[in-house]
Amino acid sequence: MQLPFVLTLIFFVALLVIAAWGMKRTNNINDFFLGGTTLGPWILAISYGTAYFSAVVFIGFSGQYGWLCSYKALWVGVLNAVGGGLLAWLVLGKRTRQMTRRLNAMTMPEFFSARYNTNGMKVVSALIIFIFLMPYSASVFAGLSYLFQNVFGIELWIALTVTTLFTGVYVVMGGYTAAARIDFLQGMIMFFGTLLMVWFVFAKFGGPEAAIARVNELYAQRTAMDSGELAIKPIPNIIFWSVVFMTSFAPWGLPQMVHKYYAIKDESQIMRGAIITLVFALMIGCAAYATGALSHLLPVEELDKAMVQVKGIATIDTNKLVPITLVYALPQWLLAIILLLVLSASMSTLSSLVLVSSSAVSIDLYKGYFAPDRSQKHYLWFMRVLSGLFILISYLIALFNPSWIVPLMSLSCGAVAGAFLSPYMYGLFWRGTTKMGAYAGMWTGLIVANGIYWGTFITWGAKYAKMYSPLAATFAIILPFFVVPVVSWMTRPVAPETVAKAFGDPDPNQEAA
């Protein structure tokens with residue numbers, strides 16, 4: 001495994017060089033958080049795509065649902081690209097860019113505060129971001145550690161420590177100015193590496209036609225088995241489609257994704273960004289889930305490597321299936337590239353998570369309440385410290401229970417997107433949304449996500465909490481859309497001048513003059 005090690009080392013050195021360059025170009029919070037809002041469609045679209053896909057997709061979701069659902073799992077990849085990529089850009093991009101500029105909002109908590117004329121919502125949303133994006137970040141670290149373990153044969157904690165250190169260094173140094181450029185480099189590695197990965201994995205198993213036929217045959221046999229180590233109990237359709245919904249539409253309300261629209265240089269670039277994101281997401285998502293389904297073709301001795309003992313019963317750890325498949329099917333030189341691919345996906349996602357989470361405290365709480373009159377260099381220093389703290393706590397969560405990749409991400413998606421998506425979308429498109437309506441939607445999403453998740457955990461145990469976590473996230477995202485308008489119709493509207501500013505209405509005094 002000398003080649004993967006050498007290429008990984010070169011990759012990390014390149015990251016540090018770009019981070020040092022970004023540090024020289026970062027003079028204030030706007031530079032650190034938004035890259036100065038001067039980024040073009042290619043960089044932003046690829047940055048969006050790399051933030052979307054991480055080791056959670058390659059290791060957690062594709063392994064679990066590729067094994068449990070076979071090629072049906074490709075629906076996840078396709079609808080992620082259409083819903084979470086193309087439609088998200090077309091629906092949200094232009095309106096988000098326009099309204100955040102009118103309201104002078106750099107973060108989602110600032111948007112809520114300005115749109116609904118309430119400082120309290122800034123505090124609540126900032127705390128939600130910082131607390132509930134940590135499990136998401138931890139799931140990315142955990143997913144990446146599985147690949148390191150199988151490629152290099154090293155312990156999980158060592159893999160976690162290495163990726164934590166390098167992610168922390170390049171984000172804390174360069175912020176979004178460096179991270180967006182690094183995301184572009186990483187995105188190119190992901191795109192072309194994925195093409196090669198699919199080609200070689202299918203070739204290893206006899207070509208697409210033979211591989212697909214054999215997967216379908218083995219899947220049918222294993223789902224028909226009543227017992228045994230390789231017996232598969234298909235997941236209910238409602239769970240599967242909740243996974244599709246969660247992974248496709250939760251990004252609409254996740255601040256690390258919405259953050260990309262704030263940095264759009266020109267509205268004319270939105271359509272190009274949407275198309276680039278669609279193509280990129282289709283390639284990455286479908287390749288990941290296809291590889292997960294191909295794990296059915298692994299020889300028995302390879303599948304044995306994924307076996308774990310749960311309460312004395314041997315079962316498949318689906319998080320190990322994709323790494324084992326890649327190590328088995330790919331030549332060493334390509335395995336080295338794929339390692340960089342998953343590293344790229346994971347570290348770019350982590351950079352987005354770290355930036356929005358640290359900004360929630362440094363910009364929305366510290367700068368907004370506790371120290372409003374400090375210098376830009378002071379705020380920049382404070383944001384870098386918080387970025388490091390967020391990474392450290394996420395690392396500790398991942399180290400505590402690295403196998404909970406899918407549930408950790410589902411909990412984060414449910415809590416954050418459930419709390420934010422309805423107040424955010426109604427705030428963008430409906431003038432009648434009130435402060436109390438937004439609050440009601442926010443608390444509904446947060447309570448539903450945590451209530452179902454932890455209620456299931458306490459009542460039926462960890463197994464069912466893991467299984468139903470995507471369903472909990474789905475309900476948490478959908479229900480607030482019914483709550484916000486009902487409460488808004490019954491409560492005091494937002495001040496007309498606030499609404500007029502948000503929607504860009506002309507000033508009546510200027511018109512009269």
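What follows is calculated from the coordinates using simple rules that are stated; it is not laboratory data. Owing to the predicted nature of the structure, the values given are computational and were not obtained by experimental measurement. Note: ideal-geometry Cβ built from the backbone for every residue, glycine included; neighbour counts use all protein chains shown.
Numbers for the structure displayed
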| item | result |
| --- | --- |
| Protection proxy ranking, peptides 192-200, 435-443, 93-101, average beta carbon neighbours within 10 Å, highest first | 435-443, 93-101, 192-200 |
| Whole-Hz couplings from phi, Karplus 6.51/-1.76/1.60, listed for the range 56-69; x for Gly and Pro | 4, 6, 5, 9, x, 5, 5, x, 5, 7, x, 6, 7, 10 |
| Separation of the Trp157 and Arg374 label points, Cα + 7 Å toward Cβ, nm | 3.4 |
| Residues of the range 234-265 with amide N under 19 Å of the 7 Å Cα→Cβ point at Arg95 | 248-264 |
| For the range 74-84, 3J(HN,Hα) per residue [Karplus equation, 6.51 cos²θ - 1.76 cosθ + 1.60, θ = phi - 60°, Hz, x = Gly/Pro] | 4, 4, 4, x, 5, 6, 4, 5, 6, x, x |
| Extended-chain gain in nm, criterion 0.36 nm per residue less alpha-carbon gap, Ile131 and Arg492 | 126.9 nm |
| Contour excess over end-to-end distance, with Cα ends at Asn119 and Trp241 and 0.36 nm allotted per residue | 40.2 nm |
| Distance between modelled label sites at Asp266 and Ala462, nm, 7 Å Cα→Cβ extension | 5.4 |
| Whole-Hz couplings from phi, Karplus 6.51/-1.76/1.60, listed for the range 246-258; x for Gly and Pro | 4, 6, 8, 10, 4, x, 5, x, 8, x, 5, 8, 4 |
| Rounded FRET efficiency, nearest 0.05, which uses the C-beta distance separating Ala213 from Leu392 and R0 of 56 Å | 0.70 |
| Potential extension, Ala500-Val308 segment - 0.36 nm per residue separation minus Cα distance | 63.2 nm |
